[in-house]
């Protein structure tokens, strides 16, 4: 059995570049769950014409990351090591190592939890693709995050349906408040010493060591109206701290 599946190929909604969505059926991500079947299925969005490292270097990663301030190509704090998982997925995809999702293999996903966009923004692909996968493959629950609520380039129009599956990413207290005033839940990153806002709770992975697969709060609009906040993390976090520490603290003073 080939352990990963191609969920979709097509043109990025963000800039019309060719992209693909790959589902990784096993993962070593300890935060989202244990290795193997107990882990959430991770989805990776890649350009199909250029590898992730080169795409970032040439700022072609906008095709999959859009306006995210954490893009490494913009000097951001994204914790994903592009030379590891994304590059490995790209190379395997180019070798033809993955099967396309079909009626013959979709049962591999039955009852599994799904993470939309472990690398790449879910808004880069049509929302009906996510909806179809979740429904047809009997996904138990899902998590997702998008930075594209206000992305305006290349004729892109944010599809409100995506908020049924994804939290809206926020990078400052002011931004989070504005988004929540529109009726959405936010997933906000903050600096370590900055306060938590009203209607926010800290990520339960950090406070209670509850894995994402057992939590499931980051499911978009969902039934729970609480928003989530997390301290910026990863080897590049300093770039965020240097730029946003003052605004994180002063905005809530």
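Build a GNM of the chain with springs between Cα atoms under 10 Å: which of 188, 236, 115 gets the top mean-square fluctuation? With Cα springs under 10 Å in the chain, the top fluctuation among 188, 236, 115 is at 236. Classify the range 86-153: rounded, prolate or oblate, from the alpha-carbon gyration tensor (a ≥ b ≥ c, eigenvalue square roots; a/c under 1.5 rounded; otherwise prolate if a/b is larger than b/c)? It is oblate, given that a/c is not under 1.5 and a/b is not larger than b/c. Comparing 117, 144, 155 in a Gaussian network model of the chain, where Cα atoms under 10 Å apart are tied by springs, the biggest mean-square fluctuation is seen for 155. Scoring 238-246, 211-219 by mean Cβ neighbours within 10 Å over their residues and listing the highest first yields 211-219, 238-246.
Expressed in nm to one decimal, what extension gain is obtained for the pair residue 59 and residue 198 from 0.36 nm per residue of sequence separation less their Cα-Cα distance? Show your work: numbers first, answer last.
Working: separation 139, 0.36 × 139 = 50.04 nm, distance 3.63 nm.
Extending this stretch completely gives an extra 46.4 nm.
Per-residue ellipticity at 222 nm, computed for the chain from helices alone with -39500 (n - 2.57) per DSSP H run of at least four residues, works out to -6500 deg cm²/dmol. The stretch between residue 138 and residue 235, if pulled fully straight at 0.36 nm per residue, gains 31.3 nm over its current Cα-Cα span. Of the residues 55, 198, 123, the one that moves most in a GNM of the chain with alpha-carbon contacts below 10 Å is 198.
Return the FRET efficiency for the residue pair residue 226, residue 107: r is the Cβ-Cβ distance, R0 is 41 Å, and the value is rounded to the nearest 0.05.
Numbers: r = 34 Å, r/R0 = 0.83.
Efficiency computed from Cβ-Cβ geometry: 0.75.
Spin-label model, residue 246/residue 129: points 7 Å from Cα along the beta carbon direction are separated by 4.1 nm.
How big is the Kirkwood radius of the range 1-144, worked out from every pair of different alpha carbons and given in Å to one decimal? Can you show the working numbers first?
Values: mean 1/r = 0.0658 Å⁻¹.
For the range 1-144, the Kirkwood estimate is 15.2 Å.
Label zone (residue 154, point 7 Å along Cα-to-C-beta; backbone nitrogen cut-off 19 Å) within the range 106-134: 117-130. Both radii were evaluated on the Cα set of the range 127-196; the Rg over Rh quotient, with Rh as the Kirkwood radius, amounts to 1.04. Give me log10 I(q)/I(0) at q = 0.09, 0.10, 0.18 Å⁻¹ for the chain, Debye formula, one equal scatterer per alpha-carbon, no solvent. One equal scatterer on each Cα of the chain leads to -0.37, -0.46, -1.63. At q = 0.12, 0.24 Å⁻¹, what log₁₀ I(q)/I(0) does a Debye calculation on the Cα points of the range 147-236 give, no solvent, two decimals? So the normalised log intensities are -0.38, -1.31.
Only the coordinates and a few stated rules stand behind these numbers; no lab work does. Keep in mind the model is a prediction, meaning the values are calculated, not measured. Neighbour counts run over all protein chains shown; Cβ positions are idealised from the backbone, glycine included.
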